[in-house]
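These notes are about the structure you will find just below.
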Amino acid sequence: MQIIEAKAMAAQAVGIVQAAPDFVAAALHDGSTLDRWNPAIRVIAMRAPGEYAIKAHGLSGRLSYHRSSTSSGVTMQLVVPGLTEEGSWTLEPSLFGTRVEHSIQWKGPLAHLIGSGEMRHVPALRIARLRDWVLLQAGVTA
């Protein structure tokens, strides 16, 4: 068997959520509701504040959330066998609510099996799902 050192893959997207940054941040900081707006992840249990046992596409793993050094975002790390995902969410006030930037970097053999073609869409999909969740929580209907 040959072991190949794989390079990391990355993707990024920007979108607008029609809610105040504090409201969007509250949704992001609540990892216990992540599976309600991110269908790829099922939260199994909270291990400690910001630390969760999860299943991602059927693989057992862990997810950790940390407030960024400013109050304007969240960093996260998801680890399942064969894949590590490092992500960040940056929130900035905008005329229409909150500008949300989501960046992700994937490492490991599963990242290369899935491929960058599929992964490049993930940040935009997450922003759209986060937007829908935040609006639902705020009682806004489309």
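When the alpha carbon coordinates of the range 47-107 are projected onto the principal axes, the ranges are 41, 23, 18 Å, largest first.
The modelled label-to-label distance between A48 and A20, using points 7 Å beyond Cα along the C-beta direction, is 3.2 nm.
For the range 14-32 versus the range 115-138, the inter-centroid distance based on Cα atoms is 12 Å.
In this rough spin-label picture, where each label sits 7 Å from Cα along the Cβ direction, the H57-T75 distance is 2.5 nm. Can you compute the helix-only [θ] at 222 nm over the chain? Use -39500 (n - 2.57) per DSSP H run of at least 4 residues, normalise by all residues, nearest 500 deg cm²/dmol. It comes out at -7500 deg cm²/dmol, rounded to the nearest 500. Give the calculated FRET efficiency between A8 and H121 to the nearest 0.05, with a Förster radius of 22 Å applied to their Cβ-Cβ distance. Computed FRET efficiency for A8 and H121 comes out at 0.80. Note on S88 and H29: their simple-model spin labels are 1.9 nm apart, each label 7 Å out from Cα toward Cβ.
Where a number appears in this text, it was derived from the coordinates with a stated rule and is not lab data. Here the structure is a predicted model, which means the values were calculated and not measured. FYI the Cβ positions are ideal-geometry reconstructions off the backbone, even for glycines, and counts take in every protein chain you see.
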